[in-house]
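Asks: Submitted below is the structure of interest, expressed as structure tokens.
Only the coordinates and a few stated rules stand behind these numbers; no lab work does. No experiment lies behind these values; they were computed from the predicted model shown. All Cβ positions, even for glycine, are placed from backbone atoms using ideal geometry, and neighbour counts span all protein chains on display.
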Amino acid sequence: MLSIVSMAGCTEPSDETIRCPQTSEFGNYGCVVVVGRVTGEEFQWTGTVRIYVKLEAVTFGAGLDLANAELKDLGSFRLLATRNNAPIDPDRDTITVQVTARWFDPSLRGIDSVRRQVRLIPVGEIVVPDTVELTLT
């Protein structure tokens, strides 16, 4: 399974209300929020092992920034990707994204990804996140 994660922001999931933020002086065109969980086999963790999660648009001309996060352990994540560039189709309210998780250690080969159609949230609106689950083995 593959998940996509936004570079604009990453925090631990919570029950608090999230609004799509205005992120720059000249404005933006909304955001996408994906929450998820990375699961996998338990093993002896070392200080250098990390999990890299990435979210990117698959829809051509979506105007969405890349989002990513680095996790220190299996578990939950929240990714927020900002739509900083004007979209080719301004009336479109959904886009397809890909979320990918992989080990951030060359000796480990696990990777998972998922494609999902997600809602574009206008600036200032309350976010209802899309949810994904990824498994690394």
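Asks: Using DSSP to call loops (not H, G, I, E or B), can you name the trypsin sites (Lys or Arg not before Pro) in the stretch 53-134 whose Cβ has at most 14 other Cβ atoms within 10 angstrom?
Replies: In loop regions of the stretch 53-134 (DSSP not H, G, I, E or B), the sparsely surrounded trypsin sites (Lys or Arg not before Pro) are Lys72, Arg92, Arg109.
Asks: Moving to a separate point now. Listing Leu134, Leu74, Leu79 from the residue with the fewest other Cβ atoms within 10 Å to the one with the most, what is the order?
Replies: Fewest-to-most ranking of Leu134, Leu74, Leu79: Leu74, Leu134, Leu79.
Asks: What net charge do the residues around Gly61 carry, taking every other residue with its C-beta under 10 Å from that of Gly61, with Lys and Arg at +1 and Asp and Glu at -1? Please report the intermediate quantities before stating the final value.
Replies: Working: positive: Arg92; negative: Asp89.
My count for the surroundings of Gly61 gives 0.
Asks: What does the net charge come to around Asn28 if you take all other residues with beta carbon closer than 15 Å to its beta carbon, with K and R at +1 and D and E at -1?
Replies: Taking every Cβ under 15 Å from that of Asn28, the sum is -1.
Asks: Then there is this: The stretch 37-137: which chymotrypsin sites (Phe, Trp or Tyr not before Pro) are DSSP loop and have at most 11 other beta-carbon atoms within 10 angstrom?
Replies: Working: sites: Phe43, Trp45, Tyr52, Phe60, Phe77, Trp103, Phe104; in loops: Phe43, Trp45, Phe60, Phe104.
Passing both the DSSP loop test and the Cβ count: Phe43, Trp45, Phe60.
Asks: Rounded to the nearest 20 Debye, what is the dipole magnitude of the stretch 29-83 about its Cα centre when Lys and Arg each give +1 and Asp and Glu each give -1 at the C-beta?
Replies: Details: 6 positive and 6 negative charges, 35 e Å.
Dipole size: approximately 160 debye.
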